[in-house]
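**Student:** Let me begin by handing over the structure; questions about it come next.
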Amino acid sequence: MAFQIFITDSAQKELDELPWKQKQMIEDRIERLADDPRPVGCVALHGKRFKGLHRIRSGNYRIIYQVQDASLTVSVVKVGDRKEVYD
């Protein structure tokens, strides 16, 4: 049961601005979400702004995404440095 991965335009722009090595690591983590959208280390976010979202780590970067089980999709909504991603 593989999930489809969608990356929002804003998340893609954030990803494109990263250094090549970090970009490759993060893209690999995103691709693996298709097989396991809630991997070990995944955290469900709380609060009004983040309700329904999850995050995973990739070094000092965070990938924030939403899982839709009914349609088997994962939507990546934000990618960024851990210090700035929640702003």
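The numbers here are math on the coordinates, done by the rules we state, and not lab data. The structure presented is a predicted model; accordingly, all values stated were derived computationally and were not measured. Glycine gets a Cβ as well: all are built from the backbone with ideal geometry, and neighbour counts include every protein chain shown.
**Student:** Among the residues of the range 2-17, are any touching an Asp or Glu at 6+ places or on another chain (Cβ under 9 Å), surrounded by fewer than 15 Cβ atoms within 10 Å (Cβ to Cβ), over 20 Å from residue 86 (Cα atoms) and in contact (Cβ under 8 Å) with a residue 60 or more places away in the chain?
**Tutor:** Of all residues in the range 2-17, those touching an Asp or Glu at 6+ places or on another chain (Cβ under 9 Å) come to 2-3, 5, 15.
With surrounded by fewer than 15 Cβ atoms within 10 Å (Cβ to Cβ) added as a condition, the list becomes 2.
Remaining after also requiring over 20 Å from residue 86 (Cα atoms): 2.
Subset that is in contact (Cβ under 8 Å) with a residue 60 or more places away in the chain: 2.
Yes: one or more hits.
**Student:** I need every pair where a residue in the range 72-87 that is more than 14 Å from residue 30 (Cβ to Cβ) has its Cβ under 9 Å from the Cβ of a residue that is polar (S, T, N, Q), sequence separation at least 6 or different chains.
**Tutor:** Matching pairs, first to second residue: 72/4; 81/60; 82/60; 83/60.
**Student:** For residue 76, state whether it is within 19 Å of residue 87 (Cβ to Cβ), surrounded by fewer than 18 Cβ atoms within 10 Å (Cβ to Cβ) and among the aliphatic types (A, V, I, L, M).
**Tutor:** Details: within 19 Å of residue 87 (Cβ to Cβ): yes; surrounded by fewer than 18 Cβ atoms within 10 Å (Cβ to Cβ): no; among the aliphatic types (A, V, I, L, M): yes.
So residue 76 does not fit the description; no.
**Student:** While we're on this one: Return yes or no: is residue 34 in contact with a strand residue (DSSP E or B) (Cβ under 9 Å, 6 or more places away or on another chain), surrounded by 10 or more Cβ atoms within 10 Å (Cβ to Cβ) and touching a residue at least 40 places away in the same chain (Cβ under 8 Å)?
**Tutor:** On the way: in contact with a strand residue (DSSP E or B) (Cβ under 9 Å, 6 or more places away or on another chain): yes; surrounded by 10 or more Cβ atoms within 10 Å (Cβ to Cβ): yes; touching a residue at least 40 places away in the same chain (Cβ under 8 Å): yes.
Yes.
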